[in-house]
Amino acid sequence: MSQQLRLWLLLPVLLLAALAGLWLGALDLSTVGRGAELILTDFRLPRVLVALLAGAGLGLAGALIQGVVRNPLASPDLLGVTAGAGLAATALLVFWPALPFGWLIPGAMAGGWLAMLLLLWLARDRQLNPARLILIGIALNAWLAALTDWLLVSHPTGIDAALVWLTGSLWGRSWPQLWWLLPWLLLLLPLTLALALRLDLLALGDEAAEGLGAAVIRSRRLALLLAVMLAAVSVAVCGTLSFVGLVAPHLARLLVGAAHRRLLPASAMLGALLVLVADIAGRSLAPPLELPAGILTALIGAPYFLFLLTRYRGW
Amino acid sequence: MFPRLLYGLLLTMIVGAAQARQIADAGEGLTIEGQPQRVVVLEYSFLDAVVLAGLSPVGIADDNNPARILPALRERLADYRSVGLRSQPSLELIASLQPDLIIADLNRHQAVYPALQQIAPTLLLPSRGIEYSTVLDELLTIGQALGREAQLQARLAEHERIMDRYRETLARDESLLFAVAGAGGMTVHGPKAFASGVMRRLGLRTATPEQAEQAYIKVSFEQFAYLNPDWLLLGDYQAAQGGAEFFLRWQRHPLWSHLSAVDKRQLRRVSPYSWSLARGLLGAEQIAADLQEQLR
């Protein structure tokens, strides 16, 4: 099967998963009767759409970051973006529990951006050298995660909501959250895809890319910026869904190859698929219990990642 | 004659509609009329007030584990539907129960507050870490929301009499400490915690420093030894699995046998579900009854 065909085949798979998301849940809709329409239009449909968009954002962010730093371990989680958003959200939830939920999204996005600014500032002298970016990212990530833990330990009464958020969950996500995600993704998706060719050049190494006319540092900074914005808005809406940004690009590379013009859309679709499937499983496997999607992305993601590593000799 | 009756009826309907109650809560406030019949409760601590008002909720976020509900409450419940975890109750299930009042927790359910309001009038109240006095205030707030305030006020007066009676037999000059053991270690209930407030109400002294800001305080063995209560009331969430692992280690510590509670053989096991989760009148009365039995 050609790589192009596989890319297109992802679309019907995604559509099927979305339909499953509307069909499955804690209740069998055919037995509900009067409230079925509300459940479909106000709970399931927006939640499916939020899962698709947030997953796409995370998958794309992962592919962009891996392209920039040319390292298979890179992901938004590793560069501290997720941890920055997590720290901001935890601080808001712990210090202002009565704050309307709508404030959490801009707060968490700001946290992710601040973490990124800190990363760029710390890496400023070295032309965004990939290895250095990763090392600084790991340190930053650990520091931000430690601050988050400290908040959680020192404020044990206010942490229930924060813990759910830090696991990553689509519980209660609906139209207001979708309206947050949609404009950002409409803006960022085309920009990202337009960057595909330059990312392919970067993959050849800095000197070769420079020789072929790519502005290496500028491309790298732009890709990083786009990745952070995508990851920050997705994480802000759904919490820190782990492994999506790491697994989706690897899976995409296995399916459609390493050329970014196919890799980027495939990563987006696979990220969307992963989050959607995790959420559907979380809310329909053991009703009335709703498990946070973040637990399931890790549960599916981690072993699958190990499997991929055995298949894969590219790195 | 007949039209006058009709007018009278109309008048009472209009007056009735005008009597929609405004109740201040931790959210945007609740506007409700009449007496709600189908109530959904999303935290154990609100269950008490609803049951004492003579209602049985149609839905409870009970973590799908009814054993966590205070037995005195559980036996008074009619059939209800579990709506799942307290941290993530299922909105679909709540909506399908067609409630006319939802009682939600400020901390856990802020994220779905607008969605809950869309399903039914929603009362948003703090729950985790609330003090005993707040529990009593919330009881009356829930009474107002249910349109059954008088009933709860009467029950509250009875509660005060019950607690006074316990107080006479319990008061003593030894320090007490309630702590819960779990996978994460030892958590001491500070002066602001519900159980500590109940113990003070009963004329007892708690071993925690009065200035502590937090309701729940994680402590190490050293900090615990420093608190050194005369009585330790331990609620072990892992009792069914053979006891919390760290606590078994603590018992082998050289200083363990020098602790006052150990030395005086005044370590008692109590149910963490009754003492910590069941923040309500019946929960407080259960604590008092447990103390009377244990402090003998």
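The values are calculated or read from the model by the stated rules, or taken from the named source; none is laboratory data. Computed from a predicted structure; not experimentally measured. Because the Cβ atoms are built from the backbone with ideal geometry, glycine has one as well, and the counts that use them run over all protein chains shown. Keep in mind that these areas ignore ligands, DNA and RNA; they rest on the heavy atoms of the full protein, side chains included. Shrake-Rupley method; radii C 1.70, N 1.55, O 1.52, S 1.80 Å.
The table below lists the values:
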{"read-out": "Charge dipole magnitude, Cβ of K and R +1, D and E -1 - the stretch B:2-163, Cα centre, debye nearest 20", "value": "320 debye"}
{"read-out": "Inter-probe distance in nm under a simple model that places probes 7 Å from Cα toward Cβ, at A:Ile138 and A:Arg311", "value": "2.7 nm"}
{"read-out": "Coordinate range along principal axes, alpha carbons of the stretch B:2-163, Å, largest first", "value": "56, 42, 30"}
{"read-out": "Considering only the protein assembly as shown, percent of DSSP beta bridges that pair antiparallel, nearest 5", "value": "35 percent"}
{"read-out": "Nitroxide proxy distance, nm - points 7 Å out along Cα→Cβ at B:Gln238 and A:Leu40", "value": "4.8 nm"}
{"read-out": "Volume per residue of the C-alpha convex hull in chain B, rounded to whole Å³", "value": "146 Å³"}
{"read-out": "Virtual spin-label span in nm between A:Leu212 and B:Ala183, 7 Å along Cα→Cβ", "value": "4.9 nm"}
{"read-out": "Over the stretch A:3-308, relative contact order from alpha-carbon pairs under 8 Å, at least 6 apart, %", "value": "34 percent"}
{"read-out": "Globularity ratio of the stretch B:171-294, using Cα Rg and 2.2 N^0.38 Å", "value": "0.98"}
{"read-out": "For q = 0.18 Å⁻¹, Debye-computed log10 I/I(0) when each Cα of the stretch A:1-140 counts as one equal scatterer", "value": "-1.07"}
{"read-out": "Simple Cβ-charge dipole of the stretch B:171-294, Lys/Arg +1 and Asp/Glu -1, about Cα centre, in debye nearest 20", "value": "60 debye"}
{"read-out": "Heavy atoms of A:Ser30 accessible to a 1.4 Å probe, total area in Å² rounded to 10", "value": "90 Å²"}
{"read-out": "Pairwise FRET efficiency - B:Ala67 versus A:Leu225, Cβ, R0 = 56 Å, nearest 0.05", "value": "0.60"}
{"read-out": "Label point at A:Thr31 placed 7 Å out along Cα→Cβ; residues across the stretch A:282-300 whose backbone nitrogen lies under 13 Å", "value": "A:287-288"}
{"read-out": "Overall form of the stretch A:3-308 per C-alpha gyration tensor (a/c, 1.5; a/b vs b/c)", "value": "oblate"}
{"read-out": "Overall form of the stretch A:110-204 per C-alpha gyration tensor (a/c, 1.5; a/b vs b/c)", "value": "oblate"}
{"read-out": "Rounded accessible area per residue of the stretch A:3-308, 1.4 Å, Å²", "value": "40 Å²"}
{"read-out": "C-alpha center-to-center spacing [the stretch A:123-171, the stretch A:35-97] in angstrom", "value": "14 Å"}
{"read-out": "Those residues of the stretch B:188-211 whose amide nitrogen sits under 19 Å from the label point placed on B:Arg161, 7 Å along Cα→Cβ", "value": "B:202"}
{"read-out": "Förster radius 60 Å - calculated FRET efficiency between A:Leu254 and B:Glu293, Cβ distance, rounded to 0.05", "value": "0.40"}
{"read-out": "Axial C-alpha extent at least 15 Å, average Kyte-Doolittle at least -0.5 - helices from chain B (DSSP)", "value": "B:2-18, B:132-146, B:281-294"}
{"read-out": "Residue-level accessible surface for B:Tyr273, protein heavy atoms, 1.4 Å, Å²", "value": "70 Å²"}
{"read-out": "Kirkwood hydrodynamic radius of the protein assembly as shown, from inverse mean 1/r over distinct Cα pairs, in Å", "value": "26.7 Å"}
{"read-out": "The stretch B:39-151 - percent of accessible surface contributed by carbon and sulfur, probe 1.4 Å", "value": "45 percent"}
{"read-out": "Mean separation of Cα contacts under 8 Å, 6 or more apart, over the residue count of the stretch A:143-282: relative contact order %", "value": "30 percent"}
{"read-out": "Span-rule helices in chain A, defined as complete DSSP H runs reaching 24 Å or more along the axis (Cα) with Kyte mean at least -0.5", "value": "A:3-23, A:45-69, A:104-122, A:130-154, A:175-194, A:216-238, A:260-284, A:293-311"}
